[in-house]
Amino acid sequence: MARIFITGSADGLGQLAARRLVALGHDVVLHGRNRDRAQQALRAVPGARTALEGDLASIEQTRELAGQANAAGPFQAVIHNAGVFRPGAARRETVDGLDDVFAINALAPYLLTALIQGPRRLIYLTSGLHHSGDSDLRDLQWRQRRWDGLQAYANSKLFDLVLAFAVARLWPHVLSNAVDPGVVPTKMGGPSAPGDLEQGAATQVWLAVSEEPGAKVTGRHFHHMRTRPAHPTASDVTVQDALLAACEQLTGVRLASAVTKRRGGNRIESNEDP
């Protein structure tokens, strides 16, 4: 039995993945952005152990969520499922003064990755739209450009891939991959979306718990359990380091290398389980 944490699991693909994992006998911890959503998640997924709460649009609440996760863990896998897609809406700022699409879709996964201790598998949800993403970090918060909600989303999904591949490079003991679930009929995708909802969740479940050789890889981009080419920028170490530096500057939290030494001492700190 594996213990798995899934962000944004009150509905949609996160809920479906959680149901599948519970049905397979795993210990699943859910998440909602507030108490009502967390309770909604628990009602929707009978058999889940608990649901944590925290608004991923807030750096402070995301840090608190990581603390809750560490108290509920350790986890074998974390599925970074939560996200927003509002292509026609006006730009929204978070309590921290950030573009909320970037904050929720990219910055929150970075912060949770940096702070949640011990997972051996990390799964980040991306989108086929990442191929239209722009990795230019000079105006991450869309303060100097005319707002484009669709482009902001595409950029955030490219950043998820960049993060997944950066973690795969920096943490060789962790399996870190990204999944494009397709355009599926969820609240985000809309009722007329052409993709298959069941297939949309299958890859996340497989990567989280399967012992098949195909699932025990790292630094890959998947669609329906098959690897797919990713935007070349995602593998660019310069872009990876620049994104990590930008996220560190915004959060005050560094994504550590696999093994780091404390200054002034011999103790070794590692992201691996003790």
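The values are calculated or read from the model by the stated rules, or taken from the named source; none is laboratory data. Fair warning: this is a prediction, and the values are worked out from it, not measured in the lab. Cβ atoms come from the backbone with ideal geometry, glycine included; neighbour counts cover every protein chain shown. Protein only, heavy atoms only, side chains kept; ligands, DNA and RNA dropped before computing areas. Shrake-Rupley method; radii C 1.70, N 1.55, O 1.52, S 1.80 Å.
The set of residues in segment 198-216 that are open to solvent by 10 Å² or more (accessible area, probe 1.4 Å), farther than 16 Å from residue 26 by Cβ and either in contact (Cβ under 8 Å) with a residue 60 or more places away in the chain or β-branched (Val, Ile, Thr) (or both) contains only 198. Looking only at segment 101-139, residues that are surrounded by fewer than 24 Cβ atoms within 10 Å (Cβ to Cβ) and either assigned to a loop (DSSP other than H, G, I, E, B) or acidic (Asp, Glu) (or both) come to 10 in all. Looking across segment 140-160, the residues that are out of contact with any strand residue (DSSP E or B) (no Cβ under 6 Å at 6 or more places or on another chain) and either among the basic types (Lys, Arg) or not in a helix (DSSP H, G or I) (or both) come down to 140, 143, 144, 145, 146, 147, 148, 157.
Filtered by the rule that a residue be in a helix (DSSP H, G or I), within 23 Å of residue 107 (Cα to Cα) and open to solvent by less than 60 Å² (accessible area, probe 1.4 Å), segment 42-67 gives 59, 62, 65, 66, 67.
Listed by first and then second residue, the pairs linking a residue in segment 109-125 that is in contact (Cβ under 8 Å) with a residue 24 or more places away in the chain and closer than 17 Å to residue 58 by Cβ to a residue that is hydroxyl-bearing (Ser, Thr, Tyr) and open to solvent by 10 Å² or more (accessible area, probe 1.4 Å), with Cβ atoms under 6 Å apart and 6 or more places separating them unless they lie on different chains, are 111/251. Listed by first and then second residue, the pairs linking a residue in segment 231-255 that is farther than 23 Å from residue 62 by Cβ to a residue that is open to solvent by 50 Å² or more (accessible area, probe 1.4 Å), with Cβ atoms under 7 Å apart and 6 or more places separating them unless they lie on different chains, are 231/131. Only strands (runs of 3 or more DSSP E) whose full extent lies in segment 169-274 are considered here, and the ones with at least 1 residues that are at pLDDT 95 or above and not hydroxyl-bearing (Ser, Thr, Tyr) are 175-179, 221-223. Within segment 23-34, the set of residues being surrounded by fewer than 21 Cβ atoms within 10 Å (Cβ to Cβ), among the hydrophobic types (A, V, I, L, M, F, W, C) and within 14 Å of residue 77 (Cβ to Cβ) comprises 24 only.
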